[in-house]
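Any read-out appearing in this document is the output of simple, stated calculations on the displayed coordinates, not a laboratory observation. Quick caveat, the model's predicted, so the values are computed rather than measured. All Cβ positions, even for glycine, are placed from backbone atoms using ideal geometry, and neighbour counts span all protein chains on display.
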Amino acid sequence: MRLQLSPELEAFREEMRTFFTTQVPQEIRDTVAAHRHVSKEQYVEAQRALNAAGLCAPHWPVEWGGKDWTPLQRHIWREEMQLANVPEPLAFNTSMIGPVIAAFGNQEQKERFLAKTANLDIWWCQGFSEPDAGSDLASLRTTAVRDGDDWIVNGQKTWTTLGQHADWIFCLVRTDPTAEKKQRGISLLVFPMDTPGVTLRPIELIDGGFEVNEVFFEDVRVPAENLIGEENRGWDYAKFLLGNERVGIARIGTTKRLLAQAKEHAQEVTEGGRPLLENPRMAARIAELENELVALELTALRVVANSADGKPHPASSVLKLRGSELQQAAMELLVDLAGPLSVSSFAEEGSDVPDWARVATPSYLNYRKVSIYGGSNEVQRTIIAGTILGL
């Protein structure tokens, strides 16, 4: 099944496909396709290519570089980018802090940050989760106390993705510990990562990579002008930010690409002299995933089309939940196709083990994160029960 697009939208899709496959360096796209590590320099080069063409943040307000596109156009833009193996614009910049500053920041903050955020002149990281406040984010303990024209920040954040590359952090802090509800005493501050008192320590992941970090704050002075929006309204901004993040986490185009790769490998891998793709159980498994992906895509189109005034629809939690599950299912399929070769992740390059099989298990392990970040799937089920089902 494929959605029937109008001639105008088909032309738009072809325009996006042509740009992504010709204007972003092939070396970068090959890195993404092979599930290899994308360097900071590659992220920056890809995003600046998109930004130069006005294709970095189409969901932003037009005056700050956005496009007056329909929800379907934005869906096509994202899908074609993922299908072309183009690194998506850094989510911390374009899907998180950028929209928050555009919606809630003052004019000076918009002029100071938005253009540099889109062009990745500033690399942002997210200071939300803490050792005792991950899924229960409202329990955060990092404090900010007003001292004249500054805030004094003390505390710790964890799972700070790509913080080792970051220039600035957007950070939830507790500014009113006496608030009747813990959600009401939280504010959003932004400050440079090289501010005195900020310490970053890497965390090794199960796949051996270092993409997340702990960040410690010890008497960090943050100018009062770096408060985004109103004091003690940070929880509202966090919900807005996470809603935007969840829509992107569905990554329908990425899962389509993973399934296409799986079908190619299933044609190459043989069992009893026949391609695995001809095995009825394997064929049925792939077909089931493809059907589930079509259902998710239709849901995504409904969610985006019903998002009012740029505000995320509550059903973005459905996209995050199901999208993460399908990404993990596609990665598990690749591991199963690799079979015994999937444990050869430490084989030397140049061995007989195909590259795709070598990276299958590390990639599978890394994808365990997608059902955790952006609000764990358990939390999403609670949100769905309360805001959609009314339970």
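Based on Cβ point charges of +1 for Lys and Arg and -1 for Asp and Glu, what charge dipole magnitude is obtained for the chain about its Cα centre, in debye rounded to the nearest 20?
Charge dipole, the chain, about its Cα centre: 920 debye, nearest 20.
Under the rule a/c < 1.5 gives rounded, and otherwise a/b versus b/c splits prolate from oblate, where does the range 248-388 land using the Cα gyration tensor?
Because a/c hits 1.5 or more and a/b exceeds b/c, the range 248-388 counts as prolate.
Tell me whether the range 7-89 comes out rounded, prolate or oblate; compute the Cα gyration tensor, take square roots of the eigenvalues as a ≥ b ≥ c, and use a/c under 1.5 as the rounded threshold.
oblate
For Glu264 and Glu204, what does the FRET efficiency come to when R0 = 35 Å and r is the distance between their Cβ atoms, rounded to the nearest 0.05?
0.65
Gly229's amide H: which non-local residues (gap 5+, or another chain) put their own amide H closer than 5 Å, with H modeled 1.01 Å from N in plane and none for Pro or chain starts?
Sorted by chain and number, the residues that satisfy this are Asn106.
Which of Ala179, Val190, Ala91 sits closest to the plus end of the dipole of the range 88-223, meaning its Cα is farthest towards the positive end, when Lys and Arg get +1 and Asp and Glu get -1 on the C-beta?
Of the listed residues, the answer is Ala179.
Using a simple charge model, +1 on the beta-carbon of Lys and Arg, -1 on the beta-carbon of Asp and Glu, nothing else, what dipole does the range 124-232 show about its Cα centre, in debye to the nearest 20?
So the magnitude is around 260 debye.
What ranking do 329-342, 52-65, 29-42 get when scored by the average of other Cβ atoms within 10 Å per residue, highest first?
Top to bottom by mean Cβ count within 10 Å: 329-342, 52-65, 29-42.
Once both labels are modelled 7 Å past Cα along the beta-carbon direction, what's the Ala284-Asp132 spacing in nm?
5.1
Please say if the range 47-129 is rounded, prolate or oblate, where rounded means a/c under 1.5 for a ≥ b ≥ c the square roots of the C-alpha gyration tensor eigenvalues, and otherwise the choice is prolate for a/b larger than b/c and oblate otherwise?
Prolate is the answer for the range 47-129, as a/c is 1.5 or above and a/b outweighs b/c.
Please give the calculated 222 nm ellipticity per residue for the chain, where each DSSP H segment of at least 4 residues contributes -39500 (n - 2.57) and the sum is spread over every residue; nearest 500 deg cm²/dmol?
-13500 deg cm²/dmol
Spelling out what I want: for every residue of the range 33-45, take phi, set θ = phi - 60°, compute 6.51 cos²θ - 1.76 cosθ + 1.60 (Karplus), and round to whole Hz; glycine and proline get x.
Result, ordered by residue: 4, 8, 6, 8, 5, 8, 6, 4, 4, 5, 4, 5, 4 Hz.
What is the set of long-range amide H partners of Ser129 at a cut-off below 5 Å, with H atoms built 1.01 Å from backbone N?
Counting only residues 5 or more places away or on other chains, the set is Thr158.
Subtracting the Cα-Cα distance from 0.36 nm times the residue separation, let me have the gained length for Phe216 to Asp236 in nm, one decimal.
4.8 nm
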